[in-house]
């Protein structure tokens, strides 16, 4: 009798057995309550829900949004620096000789028997009006034209002044037809475009490559008001995403630090990082160490998320309140007691800053209670047996 009395007094002092978080019932009832001014939407994860969320989370690929443009023709622009060389047949009339060239009987160039005299002009920058100034030819329009067109124009202007003039024009420094690379690359730089048609990975290599791991890097391209982001790993794996760049593109390498938080009856309660290519729920459960077999409730797997309106069912969205930044508080419910849920978990995406919570099984509290009773009862019983 004394032992029982001691046991009851001891249990009366235990106000609670403790818990790692809300129960399954408490989470499911959260839809009737609110956080601040935003109602919480409780959404069971089905195949239809997984497809909607996956579609909303999928951004356009480079090949879909930007396409694969044709290589750019070599067109001179304002700010480009040109190298102009002029040849005259002897005797030179306008330009002094800086070097001589001849031809052998078989047509090969030789220094014997000078046939032409060359003069290389100092490098010329195309001015804001798109012009360059060539001695004896005057102001020549260069911007918006190819080097061959400028060559013909200069040749025509010199034809009545020079002796059989020949002109060569090349772009020494390309400032108008280039792409800009910034962000987490070894060197922030501009990459000139050539008729070869530089592709995305060509430009990244020209900048010395990225400074962060490939699976943690996202590439963003800004073009004519459009902004598209794709994981670098996707670009490497899918050649169609290695698109050809065009003038004035801005390519930014961004280091991604996506992670989700695992709480409750998981193998590990921690912040878990994942790749920029994304993560599915089944993978997230595995990285969190799965469910504790002796305490977790398979029917109480929850994903807490501030969801994009595009991923919410229109009927729910019509009655849902939103946070100040326009997102919808959603608790996704996954019942792993249903074997079909394991297939859905393979297509349900986890997002950055998600909270994955596993509630405790109701019977585990009873088991803990019995364990506490047993641990307290045995010493009391032993004491009572020793008493006279």
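Entry remark, segment 187-201: residues being in contact (Cβ under 8 Å) with a residue 40 or more places away in the chain and over 13 Å from residue 247 (Cβ atoms) number 4 in total.
Being loosely packed, with under 14 Cβ neighbours inside 10 Å and at pLDDT 90 or above is a property that residue 58 lacks. Being within 18 Å of residue 339 (Cα to Cα) and at pLDDT below 95 is a description that applies to residue 297. Of the residues making up segment 331-358, those that are touching a strand residue (DSSP E or B) at 6+ places or on another chain (Cβ under 8 Å) and either at pLDDT below 90 or assigned to a helix (DSSP H, G or I) (or both) are 341, 344, 345.
Note on segment 130-167: residues that are in contact (Cβ under 8 Å) with a residue 60 or more places away in the chain and outside any helix (DSSP H, G or I) total 12.
The values are calculated or read from the model by the stated rules, or taken from the named source; none is laboratory data. Everything numeric here is computed off the predicted structure, so don't read it as measured data. Ideal geometry is used to build each Cβ from the backbone, glycine not excepted, and the neighbour counts take in all protein chains shown.
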